[in-house]
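Engineer: Could you have a look at this structure, given as structure tokens, before my questions?
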Amino acid sequence: MRWRNGAWAWLLEKDWRELMAARSWWILLAAMGPLVGFSFISAVRTYAEASGLGGTSAGVGEAFSPLIGVWAPTFSACELAAVFLLPFVAIRLVAGGRQSGALRLELQQRLPAIALVSATALVLTLGWIIASVPPLFAVILWRAYGGWIYPPELAAVATGHLLNAGLTIALAAAMSALAEHPSTAAILTLGATVGTWILSFIAAVNGGWWERVAGYTPTAMVSEFQHGLVRLSVVLVAATLIAAGLGLAAVWLRTGVPTRRRSWESVALAAAASAAIAVATLATPSWDLSEDRANSFSRTDEAALARVTSPLSIEVHLAPEDPRRVDLERRVLGKLRRVLPHADVRYVSSTSIGLFEQTSPHYGEIWYDVGGRRAMSRSTTVEGTLEVIYRLAGVSPPAVAGEAEFRGHPLAIPPRGAAWLFYAVWPALIIASAFAMHRRPR
């Protein structure tokens, strides 16, 4: 009864005080202003120039969307902060109690280890939300300039970075519980992060199942959200990894439990998480929250593709680093998988760059098979791909007219006042708050 009534609130209050006392968190807060400011100012200036500011061709900006032109680069500062700054804040809170001896006292109060970890994770999440105030300032400034805001795509970007922060917190908590010293935990955390980057590089070179696995790395996840695409499988995988990381931290924070038992519990946790991730990857629903539907075919084409009931397989003879393959994957096949999630796409190549492979007579061919009917094309455009699929499936292509074309929201206004806010006002406010907090009598 004591646990239910007061221990949870006491844990939250303790972790909050430790967060307020952590210099790493105040450094994170102070750095967020200049990081977001630099990204926002550069993005708005580029967007304005493309829209006709400074003598450029007026109307070019009509092809741009604020999602790609402003929000993706602005919120990319949050990704940098989550990778290089947030882990040290999380390690400070999780490993601090272990070094000071407070963890032993907390465990003696019969508090479950998962309760300790979940309280710390909740406080760190709240701290990250506070650190995300500068991007909110960027949204307010953009609206004050007269810029267009489409709430669903902005919510998708914010959600992606919140999930990314959750992954960082869970990873740092697990490494802090496994390692004996905070510096070791920091090295392990950054090593795991760099490992995901290496995985993405290997996937870009080799393709195949490497590419599928790399699609669930934090970098790939954030990229999809920044383009307004929300996939249920990605959300479920991220949630599973967060739960597994916090669970692993709870297992290894029980210092009184024998190491052998904790090791077996960790193996069981990893097996359960792997099974859950395998199931999560089978989830096919996805939502395109971008205003210009950049991740989708036109609605008429989606309706026509929905009538394709025969199995579809595509064999692409292009090397992983061939620009045509990248264009085909981003502009065509990624959208096709959303409509026909069970379509089988296979890449065939003998080399990774395809430089000398292009002398082969079959290089560059794209073979389509719909219910046993086959056809070959070399086109990597949306129109060329859909034309072949419609013909093989016996489906009448939709009429060209009907859906209005997205013309974008040009804005030829420079980022006035942004430098003062992000480079001067915000850091000064954080420094003054930190000074007042540390000077306050306890």
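Engineer: Quickly run through region 407-442 and pick out the residues that are aromatic (Phe, Trp, Tyr) and closer than 30 Å to Phe64 by Cα.
Structural biologist: Looking only at region 407-442, we keep the residues that are aromatic (Phe, Trp, Tyr), and these are 420, 422-423, 426, 435.
Trp420, Phe422, Tyr423, Trp426 - these are the residues of region 407-442 that are aromatic (Phe, Trp, Tyr) and closer than 30 Å to Phe64 by Cα.
Engineer: Among (1) under 27 Å from the mean Cα position of the chain (by Cα); (2) crowded, with 17+ Cβ neighbours inside 10 Å, where does Gly52 come up short?
Structural biologist: Checking Gly52 against (1) under 27 Å from the mean Cα position of the chain (by Cα); (2) crowded, with 17+ Cβ neighbours inside 10 Å, the one that fails is (1).
Engineer: Looking only at residues that are outside any helix (DSSP H, G or I) and surrounded by 17 or more Cβ atoms within 10 Å (Cβ to Cβ) in region 146-188, which one is farthest from the chain's Cα centre (by Cα)? Walk me through how you get there before you give the answer.
Structural biologist: Step one: list which residues in region 146-188 are outside any helix (DSSP H, G or I), which gives 146-150, 179-181.
Applying the additional criterion that residues be surrounded by 17 or more Cβ atoms within 10 Å (Cβ to Cβ) yields 147, 150, 179.
On the way: Gly147: 25, Tyr150: 19, Ala179: 27 Å.
For region 146-188, the residue satisfying everything is Ala179.
Engineer: Also, quick follow-up: Sort out which residues of region 284-297 are crowded, with 17+ Cβ neighbours inside 10 Å and among the polar types (S, T, N, Q), and write them in order of number.
Structural biologist: Narrowing region 284-297 to residues crowded, with 17+ Cβ neighbours inside 10 Å: 286, 288-292, 294-297.
Ser286, Ser290, Asn295, Ser296, listed by residue number.
Conditions tested, residue by residue: (1) aromatic (Phe, Trp, Tyr); (2) closer than 30 Å to Leu188 by Cα.
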| residue | (1), (2) |
| --- | --- |
| Trp128 | yes, yes |
| Val133 | no, yes |
| Val139 | no, no |
| Trp142 | yes, no |
| Gly146 | no, no |
| His161 | no, yes |
| Gly166 | no, yes |
| Ala170 | no, yes |
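Engineer: Kindly list the number of the only condition in (1) modelled with pLDDT under 85; (2) more than 23 Å from Glu180 (Cβ to Cβ) that fails for Leu103.
Structural biologist: (2)
Engineer: For region 349-368, which residues satisfy the criterion of being outside any loop (DSSP other than H, G, I, E, B) and modelled with pLDDT of 85 or more?
Structural biologist: The initial filter retains those residues of region 349-368 that are outside any loop (DSSP other than H, G, I, E, B), namely 357-359, 366-368.
The answer is Ile366, Trp367, Tyr368.
Engineer: Condition check: exposed (fewer than 15 other Cβ atoms within 10 Å of the Cβ), modelled with pLDDT under 90, more than 19 Å from Met32 (Cα to Cα) and assigned by TED's automatic domain parsing to the domain that holds Ile431. Does Pro112 satisfy that?
Structural biologist: Details: exposed (fewer than 15 other Cβ atoms within 10 Å of the Cβ): yes; modelled with pLDDT under 90: yes; more than 19 Å from Met32 (Cα to Cα): yes; assigned by TED's automatic domain parsing to the domain that holds Ile431: yes.
Here the answer is yes, as Pro112 does meet what is asked.
Engineer: Pairs only if they're at least six apart or on different chains, beta carbon under 9 angstrom, first in region 413-437 and not hydroxyl-bearing (Ser, Thr, Tyr), second not in a helix (DSSP H, G or I); list them, first residue then second.
Structural biologist: Ile413/Ser51; Ile413/Tyr145; Ile413/Gly146; Ile413/Gly147; Pro414/Tyr145; Pro415/Tyr145; Arg416/Tyr145
Engineer: Looking at Ala270, Ala303, Ala250, Ala275 in this structure, which one is at negative phi and assigned by TED's automatic domain parsing to the domain that holds Glu383?
Structural biologist: Checking each option against the conditions leaves just Ala303.
Engineer: Condition first: closer than 24 Å to Tyr216 by Cβ and within 21 Å of the chain's Cα centre (by Cα). Can you find one or more residues in region 130-145 that meet it? Show your work before the answer.
Structural biologist: In the first step, residues of region 130-145 are kept if they are closer than 24 Å to Tyr216 by Cβ; the result is 132.
Within this subset, residues satisfying the condition of being within 21 Å of the chain's Cα centre (by Cα) are 132.
Yes - at least one qualifying residue is present in region 130-145.
Engineer: Residues in region 325-348 that are assigned to a loop (DSSP other than H, G, I, E, B), in contact (Cβ under 8 Å) with a residue 40 or more places away in the chain and over 22 Å from Asp301 (Cα atoms): how many?
Structural biologist: 0
Engineer: Within region 322-336, is even one residue outside the structural domain of Trp209 (by TED's automatic domain parsing), farther than 23 Å from Phe201 by Cα and under 26 Å from the mean Cα position of the chain (by Cα)? Even if it seems obvious, please write down each step before you answer.
Structural biologist: Applying the first criterion (outside the structural domain of Trp209 (by TED's automatic domain parsing)) to region 322-336 yields 322-336.
Within this subset, residues satisfying the condition of being farther than 23 Å from Phe201 by Cα are 336.
Within this subset, residues satisfying the condition of being under 26 Å from the mean Cα position of the chain (by Cα) are 336.
Yes, region 322-336 contains a residue that is outside the structural domain of Trp209 (by TED's automatic domain parsing), farther than 23 Å from Phe201 by Cα and under 26 Å from the mean Cα position of the chain (by Cα).
Yes or no, residue by residue, for (1) among the aliphatic types (A, V, I, L, M); (2) at pLDDT 85 or above; (3) assigned to a helix (DSSP H, G or I); (4) within 24 Å of Leu190 (Cα to Cα):
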site: Leu29; (1), (2), (3), (4): yes, yes, yes, yes
site: Leu35; (1), (2), (3), (4): yes, yes, yes, yes
site: Ser39; (1), (2), (3), (4): no, yes, yes, yes
site: Thr46; (1), (2), (3), (4): no, yes, yes, no
site: Gly54; (1), (2), (3), (4): no, no, yes, no
site: Pro73; (1), (2), (3), (4): no, yes, yes, yes
site: Ala81; (1), (2), (3), (4): yes, yes, yes, yes
site: Ile91; (1), (2), (3), (4): yes, yes, yes, yes
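Engineer: Now for a separate question. Quick one: how many residues across region 284-300 are in a helix (DSSP H, G or I) and in contact with a Lys or Arg (Cβ under 9 Å, 6 or more places away or on another chain)? Talk me through it step by step, then tell me what you get.
Structural biologist: Applying the first criterion (in a helix (DSSP H, G or I)) to region 284-300 yields 299-300.
Of the ones still in play, those that are also in contact with a Lys or Arg (Cβ under 9 Å, 6 or more places away or on another chain) are 299.
Looking only at that region, the number is 1.
The values are calculated or read from the model by the stated rules, or taken from the named source; none is laboratory data. Keep in mind that this is a model prediction, so the values were computed, not measured. Please note: Cβ atoms are built from the backbone with ideal geometry, for glycine as well, and neighbour counts cover all protein chains shown.
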